[in-house]
Amino acid sequence: SGDAAAVAAACARVDGVISADAEGEAVRCVVDGAAHRLPALLAEAATTGASVTGVEVREPDLEDVFLHLTGRALRD
């Protein structure tokens, strides 16, 4: 909870973050070595005064990689 755009901007400053975007009340970060960088991401989020209510670390699949590289889903 809090300002998702501010959290995304703060997370974008963490080393290894490829992208950080606010999606409604959530923040989606693409991170190289996410599990290792999670403490730094949570610390940066806390600097904005936001409360993190959940975290999901997901390994990319081939469709995620394709979407990231092309900006289009496989079905587009």
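Evaluated against (1) open to solvent by 50 Å² or more (accessible area, probe 1.4 Å); (2) of a type outside the set (Val, Ile, Thr); (3) assigned to a loop (DSSP other than H, G, I, E, B), Ala50 falls short on exactly one condition, (1). Identify the residue in the stretch 31-47 that is in contact with a strand residue (DSSP E or B) (Cβ under 8 Å, 6 or more places away or on another chain) and surrounded by 14 or more Cβ atoms within 10 Å (Cβ to Cβ) and, among all such residues, is nearest to His68 (Cα to Cα). Looking at residues that are in contact with a strand residue (DSSP E or B) (Cβ under 8 Å, 6 or more places away or on another chain) and surrounded by 14 or more Cβ atoms within 10 Å (Cβ to Cβ), I get Val31. The single condition from (1) assigned to a strand (DSSP E or B); (2) in contact with a Phe, Trp or Tyr (Cβ under 9 Å, 6 or more places away or on another chain) that Ala20 fails is (2). Across the stretch 53-71, the qualifying residues are those that are under 23 Å from Gly24 (Cβ atoms) and assigned to a helix (DSSP H, G or I), and the one among them that is least open to solvent (accessible area, probe 1.4 Å) is Asp64.
The values are calculated or read from the model by the stated rules, or taken from the named source; none is laboratory data. Everything quoted here is computed from the prediction, not taken from an experiment. Please note: Cβ atoms are built from the backbone with ideal geometry, for glycine as well, and neighbour counts cover all protein chains shown. Only protein heavy atoms, including side chains, enter the accessible area calculation; ligands, DNA and RNA are left aside. Shrake-Rupley method; radii C 1.70, N 1.55, O 1.52, S 1.80 Å.
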